[in-house]
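The values are calculated or read from the model by the stated rules, or taken from the named source; none is laboratory data. Remember, predicted model here, so these are calculated numbers, not experimental data. Glycine gets a Cβ as well: all are built from the backbone with ideal geometry, and neighbour counts include every protein chain shown.
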Amino acid sequence: MNSISENCTFLPKLKKWYHLAIVHNNINKKITIYVNGELDCDIRMTHNWMKDTYGEPLYVGYNPSGGDEFSNGIIDEIRIWNRALTKEEIRENMKRELIGNQEGLVAYYNFEKVSNNSEVADLSKNGNHGRLVGHAVLIDSDISSFSVDGSGIPDREPPLIYLHRGVKVVNKSKEIIQGQAIDKSGVAIVEVNGKEEKLDEKGNFLASVLLKPGKNEILITAIDTYENRTSKMVTIKREIGYATGEKKFAKYYALLIAVEKYENSDINNLDYPIEDSYQVREILHKYSFEYNDIILLENPNRDQIIRVFDKLSYSIDYEDNLLIFFAGHGYWDRKFMQGYWLPSDASRKSKSRWLSNSTIRDYIRGIQSKHTLLITDACFSGGIFKTRKAFEYAQPAIEELYRLPSRKAITSGTLNEVPDKSVFIKYLLKRLEDNQDKYLSSVELFTRFRSAVINNSPLEQVPQFGEIRESGDEGGDFIFVRRESKHLLY
């Protein structure tokens, strides 16, 4: 500014936008400089910047007493205030375009309105219009050709919304909307029909919506940190009742949870859970699970897992079926006789971010599905059972197994460790792939691969099958139905 200059540590890079805030505090005689909303340095003042103009106009980017010195760069906006802004105010204001009537704003130039005589309009309504002089010229800058470092200049591009379905026909009163909102500056809010939904760090969201019979248009809106917004419509048709004697078909949902990268170094990372989960998803699609109805969580923390369980608890109806798959670390606390899943934010030092078997059981009991099957490939996963028993008894007919509600679990072991490279998953998927029967119960599936796991496991693991205790099991079983056959709700 004018001939006054101060030195700081900030070294800008070429073709990067930066938000630079210079705070002049005459009380403590300091100049504070913020770059992209973060403190860069404090400088003891040697001049009063706003008074030492020597009767000259206030220049920005030019030194009137320094010969031909000028700023060799592009300026997008200039804002001048008559008070020292706090760091919080700077961070808040830099993410939005100003209206011009903010308290303390004395000059605001965004170079959108420049007259023929190079006058730059002051948008603060204070009449402090500026002028382009010397080497300053107005150009149409392609902002997209420059990257934004941190928060940079205001982002004017709206987020992108990706949905996992378009038009869909359902036969229920509730449905889950699953998608992802992406923006280079970060997505702040996603709304589904005007209701704000929770987001994870990748912009993924889940929303449960109520459906009226007939056509339902669901509006999804995403807003980034600069308040740019975009919307997308998804159409869901709810079938209108069923005629007398008409068959009603059940729906199959799956929640696949894969944790292989842990935030805390006191828990070892794993190599295969995400890869295994994608293989599970593909094989389930061959068994009447639609891709849209399979939720796959990669390295979720505890809160993200709980949020999805919450969504499922009020979106799944009594005629639906749910498969839950977990691959990651597990732990058995012998003192408290309690088993745990370890989400990505778990720490060995505290159980506060662990997910206990009792919590998992409570959600399985609360989700009002016809059948729920839990498959876990984790150490010490056998503690979820009510009982564990042999399966040499004769199976009831498929119709009887399906008629009675069930809450069953298949685990990769008992209360021992299991290998990272899962023999359990290998043979479970192989039996599902090789199966040629139209209907396959979970107990039959288990008997088909149990011996292969025992015989080929390097840690002598013994897979387990049984009812989940105190969860609502009434003696039925989860039935896998090959895609080429329709699945009837009895």
**OP:** Any chance you could count how many residues in the stretch 425-469 are modelled with pLDDT under 90 and of a type in the set (Val, Ile, Thr)?
**Re:** 4
Subject >> Where residue 322 falls short, out of the listed (1) under 19 Å from the mean Cα position of the chain (by Cα); (2) closer than 21 Å to residue 179 by Cβ >> reply: (1)
Original post:
From the residues in the stretch 311-347 that are at pLDDT below 90 and out of contact with any strand residue (DSSP E or B) (no Cβ under 8 Å at 6 or more places or on another chain), which one is surrounded by the fewest Cβ atoms within 10 Å (Cβ to Cβ)?
Top reply: 335
**OP:** Scan the stretch 104-124 for residues that are part of a loop (DSSP other than H, G, I, E, B) and in contact with a Phe, Trp or Tyr (Cβ under 9 Å, 6 or more places away or on another chain) and report the count.
**Re:** 5
**OP:** State all residues of the stretch 320-351 that are charged (D, E, K, R) and either assigned to a loop (DSSP other than H, G, I, E, B) or closer than 30 Å to residue 476 by Cβ (or both); if no residue qualifies, say none.
**Re:** 320, 334, 335, 345, 348, 349, 351
Subject >> Residue count for the stretch 169-227, restricted to those that are among the hydrophobic types (A, V, I, L, M, F, W, C) and not in a strand (DSSP E or B) >> reply: 1
Original post:
If you check 359, 372, which single one turns out to be at pLDDT 90 or above, among the β-branched types (Val, Ile, Thr), under 14 Å from residue 475 (Cα atoms) and in the same structural domain as residue 264 (by TED's automatic domain parsing)?
Top reply: 372
Subject >> The listed residue being outside the structural domain of residue 302 (by TED's automatic domain parsing), of a type in the set (A, V, I, L, M, F, W, C), surrounded by fewer than 20 Cβ atoms within 10 Å (Cβ to Cβ) and at negative phi, out of 220, 182 >> reply: 182
Subject >> Those residues of the stretch 245-264 which are at pLDDT below 90 and surrounded by fewer than 19 Cβ atoms within 10 Å (Cβ to Cβ), in sequence order >> reply: 245, 246, 247, 248, 249
Original post:
Which pairs do you get when a residue that is in the same structural domain as residue 30 (by TED's automatic domain parsing), found in the stretch 85-98, comes within reach of a residue that is buried (at least 18 other Cβ atoms within 10 Å of the Cβ) and of a type in the set (Phe, Trp, Tyr), reach meaning Cβ atoms under 8 angstrom, with the pair 6+ apart or on two chains?
Top reply: 87/34; 90/34; 95/226; 96/226; 98/108
Subject >> Residue tally, condition modelled with pLDDT under 80 and either surrounded by fewer than 15 Cβ atoms within 10 Å (Cβ to Cβ) or assigned by TED's automatic domain parsing to the domain that holds residue 190 (or both), over the stretch 126-148 >> reply: 12
**OP:** Output the residues belonging to the stretch 270-285 that are surrounded by 14 or more Cβ atoms within 10 Å (Cβ to Cβ) and in a loop (DSSP other than H, G, I, E, B).
**Re:** 270, 272
**OP:** Kindly indicate whether any position in the stretch 301-319 is of a type outside the set (Lys, Arg), under 23 Å from residue 413 (Cβ atoms) and in a strand (DSSP E or B).
**Re:** no
Subject >> Test result for residue 231, in contact with a Phe, Trp or Tyr (Cβ under 7 Å, 6 or more places away or on another chain), over 25 Å from residue 483 (Cβ atoms), part of a strand (DSSP E or B) and modelled with pLDDT of 85 or more >> reply: no
**OP:** With the condition kept exactly as written, say whether any residue in the stretch 299-320 is on the phi > 0 side of the Ramachandran plot and among the hydrophobic types (A, V, I, L, M, F, W, C).
**Re:** no
